[in-house]
């Protein structure tokens, strides 16, 4: 599995925690990049929304698309989803972000 010895900002920690809660609330057994994006979009004062607006994106429209995609993810019920785990794709996104951050 990926090395998770990463220094997260407070906002990043909040976003990952929210992503886990979103996945759990939806019954998704894994936290996917879509959950992370949804949590970043919910941080109204966060940098993600500001960057998307600067790029010409409609944050409300994107949020709707992300939520529809999350609804289409596999879900389960019971104790198996009480604590969703990060998916391999999410680990890859986190590691790629860390690599970009260390290039600066």
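Where a number appears in this text, it was derived from the coordinates with a stated rule and is not lab data. Predicted, not measured: the structure shown is a model, and the values here were computed from it. Cβ sites come from the backbone with ideal geometry, for glycine too, and all protein chains shown count toward neighbours.
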Report summary line: What helix-only [θ] at 222 nm does the chain give? Using -39500 (n - 2.57) per DSSP H run of at least 4, over all residues, to the nearest 500, the answer is -19500 deg cm²/dmol
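State, as an integer percentage, the relative contact order of the range 10-103 based on alpha-carbon contacts under 8 Å between residues 6 or more apart.
Working: 87 pairs, mean separation 36.1, N = 94.
In percent, rounded to a whole number, it is 38.
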Requested in this report: Would you mind computing, in nm to one decimal, how far apart the modelled labels at residue 62 and residue 88 are, each placed 7 Å from Cα along Cα→Cβ?
Outcome: 2.7
Query raised in the report: Quick one: length gained pulling residue 45 to residue 95 fully straight, 0.36 nm per residue minus the C-alpha distance?
Result: 15.6 nm
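Suppose the chain between residue 77 and residue 9 were pulled fully straight at 0.36 nm per residue; how much longer would it get relative to their current alpha carbon spacing?
Numbers: separation 68, 0.36 × 68 = 24.48 nm, distance 3.19 nm.
Stretched fully, the residue 77-residue 9 segment lengthens by 21.3 nm.
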Report task. Would you please give the FRET efficiency between residue 25 and residue 103, computed as 1/(1 + (r/R0)^6) with r the Cβ-Cβ distance and R0 = 22 Å, to the nearest 0.05? Result -> 0.05
